[in-house]
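Reading through the structure tokens given below for one structure.
The values are calculated or read from the model by the stated rules, or taken from the named source; none is laboratory data. All figures in this text were calculated on a predicted structure; none of them were measured in a lab. Note that we place each Cβ from the backbone using ideal geometry, even for glycine, and neighbour counts take in every protein chain shown. To get the accessible areas, we keep the full protein, side chains included, count just its heavy atoms, and leave off ligands, DNA and RNA. Shrake-Rupley method; radii C 1.70, N 1.55, O 1.52, S 1.80 Å.
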Protein chains: 2
Amino acid sequence: MKINDYEKDFFPAWVQSEGEAGDVAISTRIRLARNLKGIPFPNYANEAQLSKINDEICRTIQERPPIEQLALIKVEELNANDRLILVEKHLCSPQFIDQSHLRMLLINREQSVSVMVNEEDHLRIQAITAGFSLEGALGLANQMDDYFEESLDVCFDENYGYLTSCPTNVGTGLRASVMLHLPGLAMVDQVKKVLTALIHIGISIRGLYGEGTESIGDLYQVSNSVTLGRTEADLSGNLRSVCRQVIERERAVRESLLKDSRIQLEDRVCRSYGILTQARMLSSQEGLKLLSDVKLGVELGIIPKINKKMLKELLFLIRASILQKIIGKELSPAERDFYRASIIRDKLKIQEGSGEPNV
Amino acid sequence: MKINDYEKDFFPAWVQSEGEAGDVAISTRIRLARNLKGIPFPNYANEAQLSKINDEICRTIQERPPIEQLALIKVEELNANDRLILVEKHLCSPQFIDQSHLRMLLINREQSVSVMVNEEDHLRIQAITAGFSLEGALGLANQMDDYFEESLDVCFDENYGYLTSCPTNVGTGLRASVMLHLPGLAMVDQVKKVLTALIHIGISIRGLYGEGTESIGDLYQVSNSVTLGRTEADLSGNLRSVCRQVIERERAVRESLLKDSRIQLEDRVCRSYGILTQARMLSSQEGLKLLSDVKLGVELGIIPKINKKMLKELLFLIRASILQKIIGKELSPAERDFYRASIIRDKLKIQEGSGEPNV
């Protein structure tokens, strides 16, 4: 297992840094849906039409290369595991890898910007940044959008705005989402209360893997649910103020737990740390849950020795597809649990030994 | 917390050594019930008669001191916690400290031999040794019995043998018991099956604290249930062969677990070790359960760094009364859980640091 070999280029930039409000916010994502004029939306397009979209994109990139080079991946040429890795890296949606024929993905070197070609819309431009950074992610996504719109003729209606395959995306075509780590609110049983209140003001809450998934490791995706009749600035402004409130609420709960229930809190995060340093088998779900506790402990200074960047990498490393990539072969569930535990033990031991400061 | 100050004289000898078959057997106890002629059994005796028993014993010890000096403790002069400590050290029964008036306890320096005066019988001579050692414990108890019988007139009937307050003790007045650690059998869900089979051949099974108590930490007391119509040699011979079989069965299960389910076994004992090294609060029951796992891991070489003697001491140290003695004050349940976790962490850390070999 040479995990270190992977690290340089393997991790997306958002995994390798903390970003603003990194104590609560893991990452921020912006997605823009765009469609080319004169060709049916991908779900209604035939093979020739899907091919035409691909050709248009390839031609654009060749004729007028973007400032930052983009890698072009034909999804159907990847094996199943490499496709799953793209999902874990949040470079594409789970739906995109299922229907791989004539689907292309563009990715920049930092893996902060990606473009799905022929997902639900012709173009789905995505940008992902570390921590809480709606401006940063929006900036990256807009840059890529501007690049394509300079060369391509995109469906835009004066009244409705950008036209998209699904009506919920019509308007700005923008979905902004922030991944929040809310162990404090979960501990005092307030997550549901706080988050369901947001639904009434046009905010959606999802689990780790998007729509319809459960929260694991106290991770929640908070995003805007409507785009029609709003400006991009409205949408990201609304989400920004909501996220800021949730982040402050989470911080306040953590502080009050630290003040009023310090021993109980220490007990919980330290036990989780103890199990992670010793377990021989760990499911993905248990691993995330324990790492979630440890992250909380590190943020609150209860477990001071652990490097935050390494911890964020671990949250990502222990996913099934990433494990299989690192080990270099397909693994049974029991083997995955074994290697997952083994990698976590190694990483935490390296950490303890190195005396690396807690950046 | 100066735990180390206590250690020299604080621990009974059986806690500080492993003894034969110490991988499974914790300790062996022999108890002999004796009564003096001409005075009613303690439950029927009045104050004057109970006093007379005490006087007889004191006179004997003064006039003809035993080879090894005995400390004489008047139970009613002890505070509640010091009484509980005597029970945890297995130097007397829980019933003995409840009815303390005119009850005396004699203890040798090693705390391997004790005599309860005016418990259910006038004299209850007890010997306790480390590991599986019926001969050793019987030897110590007989020595003390001989000493008293040389000076005192003891109730003995040619047909029935020694006469005792409770009919189940008539005959030899002997109860022999071995404390066994059976995590392997517990893991494969065979404890009940194996142990209930023994009931039919005159063997009793109890939890850690004697009659009617549940097993904690996979610890079981296996003892003879009848004494009438048998010789001492019969009784201890029967128990010896039964215990040997149970010990062999436990060892075989451990080996097969190690062979067939090594990862699962490692996972369990290492997780328990991880929690013990990190928890900030531990109940007595959880502490014993986790230490039980760790002891199994140490015996099987899965956790090699831990000194077995220290581990046996920990099983003893974490009892409520011992904790209160060490900390030097009465503790609330929450405080006990806190100090219990703290002492375990300290001991395990000292252990890891010292590199002391696993004796």
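Computed values, structure above
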quantity	calculated
Looking only at the range A:95-110, and only at residues there that are of a type outside the set (D, E, K, R) and touching a strand residue (DSSP E or B) at 6+ places or on another chain (Cβ under 8 Å), the one that is farthest from A:Val242 (Cα to Cα)	A:Met104
Set A:Gly217, A:Gly202, A:Gly237: member being buried (at least 21 other Cβ atoms within 10 Å of the Cβ), out of contact with any Gly (no Cβ under 7 Å at 6 or more places or on another chain) and not aromatic (Phe, Trp, Tyr)	A:Gly217
Residue match in the range B:225-233 (condition: in contact with a Leu (Cβ under 7 Å, 6 or more places away or on another chain), in the same structural domain as B:Asn142 (by TED's automatic domain parsing) and part of a helix (DSSP H, G or I))	yes
Residues of the range A:259-289 satisfying the condition of being open to solvent by less than 30 Å² (accessible area, probe 1.4 Å) and over 21 Å from B:Ser283 (Cβ atoms)	A:Leu276, A:Thr277, A:Ala279, A:Leu282, A:Gly287, A:Leu288
Residue within the range B:301-311 that is open to solvent by 10 Å² or more (accessible area, probe 1.4 Å), without any contact (Cβ under 8 Å) to a residue 12 or more places away in the chain and on the phi > 0 side of the Ramachandran plot present	yes
Selection from the range B:88-113 of residues that are out of contact with any helix residue (DSSP H, G or I) (no Cβ under 8 Å at 6 or more places or on another chain) and polar (S, T, N, Q)	B:Gln95, B:Gln99, B:Asn108
Condition check for A:Gln126: closer than 24 Å to A:Ser241 by Cα and open to solvent by 10 Å² or more (accessible area, probe 1.4 Å)	yes
Filter result for B:Asn159 (outside any helix (DSSP H, G or I) and more than 17 Å from the chain's Cα centre (by Cα))	yes
Tally, over the range A:199-236, of residues that are modelled with pLDDT of 80 or more and either closer than 15 Å to A:Met179 by Cβ or under 20 Å from the mean Cα position of the chain (by Cα) (or both)	13
Pair list, Cβ < 8 Å and 6+ apart or interchain, from the range B:146-160 residues that are farther than 18 Å from B:Thr172 by Cβ to residues that are part of a helix (DSSP H, G or I) and open to solvent by 90 Å² or more (accessible area, probe 1.4 Å)	B:Ser151/B:Glu63
3 or more residues within 14 Å of chain B (Cβ to nearest Cβ) and out of contact with any Cys (no Cβ under 9 Å at 6 or more places or on another chain): qualifying helices (runs of 4 or more DSSP H) within the range A:242-336	A:262-278, A:284-299
One residue from B:Arg336, B:Arg319 being open to solvent by 50 Å² or more (accessible area, probe 1.4 Å) and among the basic types (Lys, Arg)	B:Arg336
B:Gln16 among the polar types (S, T, N, Q), on the phi < 0 side of the Ramachandran plot and within 16 Å of the chain's Cα centre (by Cα)	yes
Matching option when the condition is modelled with pLDDT of 95 or more and among the β-branched types (Val, Ile, Thr), among B:Val87, B:Val117	B:Val117
Boolean, B:Leu36 is under 15 Å from B:Leu152 (Cβ atoms) and in contact with a helix residue (DSSP H, G or I) (Cβ under 6 Å, 6 or more places away or on another chain)	no
Any pair with Cβ under 6 angstrom, 6 or more apart, that starts in the range B:218-235 at a residue that is farther than 13 Å from B:Asn169 by Cβ and ends at one that is at pLDDT below 90 and among the basic types (Lys, Arg)	B:Gln221/B:Arg206
Any pair with Cβ under 9 angstrom, 6 or more apart, that starts in the range A:90-116 at a residue that is farther than 27 Å from A:Ile67 by Cα and ends at one that is among the hydroxyl-bearing types (Ser, Thr, Tyr) and surrounded by fewer than 23 Cβ atoms within 10 Å (Cβ to Cβ)	A:Pro94/A:Tyr209
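Every residue, every condition in (1) assigned by TED's automatic domain parsing to the domain that holds A:Ile53; (2) touching an Asp or Glu at 6+ places or on another chain (Cβ under 7 Å); (3) of a type outside the set (Asp, Glu), yes or no:
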residue	(1), (2), (3)
A:Lys89	yes, no, yes
A:His101	yes, yes, yes
A:Ser112	yes, no, yes
A:Asp121	yes, no, no
A:Glu158	yes, no, no
A:Thr164	yes, yes, yes
A:Asn169	yes, no, yes
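Residue by residue, here is whether (1) modelled with pLDDT of 95 or more; (2) in contact with a Gly (Cβ under 6 Å, 6 or more places away or on another chain) holds:
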| residue | (1), (2) |
| --- | --- |
| A:Arg268 | yes, no |
| A:Gln278 | yes, yes |
| A:Gln285 | no, no |
| A:Ile306 | no, no |
